[in-house]
Amino acid sequence: MGITKNFTIGNLVGPTLIIYTIWAIGQFYGERKIINYIKSGIAIVLGFLSFITTLLIIGTLIVKISHH
């Protein structure tokens with residue numbers, strides 16, 4: 001039983017990567033305005049959603065084709 005028993009590195013890596021990605025895309029849009037970071041956050045969310053949707057569609061098609 002140590003001081004880090006309930007803490008894993010995964011608890012820190014996920015949010016850190018998302019925040020860094022939002023910051024990096026915000027820098028691409030221009031670092032002076034907060035709206036650029038909001039746009040980058042929206043871009044990240046839309047990217048994740050489109051990726052997950054694509055995986056679900058491909059998985060569904062594979063299941064339907066393999067059971068046919």
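Within the chain, report the chymotrypsin sites (Phe, Trp or Tyr not before Pro) that DSSP leaves as loop and that have at most 10 other Cβ atoms within 10 Å.
7
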Would you calculate the separation in nanometres between label points at residue 44 and residue 65, each defined as 7 Å from the Cα along the Cα-to-beta-carbon direction? 3.4
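In square nanometres, what is one fourth of the surface area of the convex hull spanned by the alpha carbons of the chain? Provide the component values of the computation, followed by the final result.
On the way: hull surface 32.0 nm².
Directional mean of the projected Cα hull area for the chain stands at 8.0 nm².
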Filtered trypsin sites (Lys or Arg not before Pro), the chain: DSSP coil and at most 10 other beta carbons within 10 Å: 5, 32
Gaussian network model of the chain, springs between alpha carbon atoms under 10 Å - residue of 18, 57, 44 with greatest fluctuation: 57
Karplus-derived 3J(HN,Hα) from phi for the stretch 12-28 (6.51 cos²θ - 1.76 cosθ + 1.60, θ = phi - 60°), whole Hz, x at Gly and Pro, runs 9, 5, x, x, 5, 5, 5, 5, 5, 5, 4, 4, 5, 5, x, 5, 5
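Rounded to the nearest 500, what is the 222 nm mean residue ellipticity of the chain from helices alone, with -39500 (n - 2.57) per DSSP H run of 4+ residues and division by all residues? Could the numbers behind the result be given before it?
Values: 2 runs with 53 residues, N = 68.
When only DSSP H runs of four or more count, the value is -28000 deg cm²/dmol.
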Computed label-point distance, nm, for sites residue 28 and residue 55 using a 7 Å Cα→Cβ extension: 2.1
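Give the carbon-plus-sulfur fraction of the accessible surface of the stretch 1-59 in %, rounded to a whole number; probe 1.4 Å, heavy atoms of protein chains only.
Numbers: 3750 of 4990 Å².
Taking all protein chains in place, the stretch 1-59 shows 75 percent carbon and sulfur surface.
The values are calculated or read from the model by the stated rules, or taken from the named source; none is laboratory data. Quick caveat, the model's predicted, so the values are computed rather than measured. Glycine also receives a Cβ, built like all others from the backbone with ideal geometry; neighbour counts cover every protein chain displayed. The accessibility values were calculated without ligands, DNA or RNA, using every heavy atom of the protein model including side chains. Shrake-Rupley method; radii C 1.70, N 1.55, O 1.52, S 1.80 Å.
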